């Protein structure tokens, strides 16, 4: 943790404390960075992935974007995300296949899939037939809903 110093401060809800000396702790940026939940967002629509990265980054998460499943697997080897948020319908490797790969390589990573397409039931059923079930939310996704879900315990 950072050093403990004494500094004067004004507490807005208690004007009588003006000029009082209070302990001041500067946060350790390295420790704070480690405590932030890491989120890997995967969507072949770059605007969606990049927008979610920015929104989550501004609300205290450490977020990175990948634009297909193979790229996500490569990033995850270095990033070790707490959460995987992935679109279901993507080229090369779909979100369910990616989620299954994550279950095998990053078993502690929580997974949340999203889709705006109605025709994904076969893809989800294929995963279920193989013994994998994943939480799914529908696009368009309201950012507050994602923040609320990611803030819950895994």
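No value in this document is a laboratory result; all are computed from the given coordinates. It should be emphasised that the depicted structure is a prediction, and the values quoted were computed from it without experimental measurement. All Cβ positions, even for glycine, are placed from backbone atoms using ideal geometry, and neighbour counts span all protein chains on display.
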message: How many angstrom lie between the Cα centre of the range 121-154 and the Cα centre of the range 54-74?
response: 16
- prompt: Can you give the Rg and Dmax of the range 36-151 based on its C-alpha atoms, in angstrom?
  reply: 12.8, 38
- request: Using a Förster distance of 25 angstrom, determine the FRET efficiency expected from the C-beta separation of residue 121 and residue 142, and round it to 0.05.
  value: 0.60
- line: residue 58 and residue 128 label points (each 7 Å along its Cα→Cβ direction) are spaced in nm at 3.7
Residue-span extension gain [residue 135 to residue 37] - 0.36 nm each, minus C-alpha spacing: 33.4 nm
statement: Relative contact order of the range 36-151 (C-alpha contacts under 8 Å, at least 6 apart) in percent is 23
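Figure the gain on full extension for residue 46 and residue 151 (residue separation times 0.36 nm, minus the Cα-Cα span) and round it to one decimal in nm. Present the calculation step by step, with values, prior to reporting the outcome.
On the way: separation 105, 0.36 × 105 = 37.80 nm, distance 2.38 nm.
Gain in length upon complete extension: 35.4 nm.
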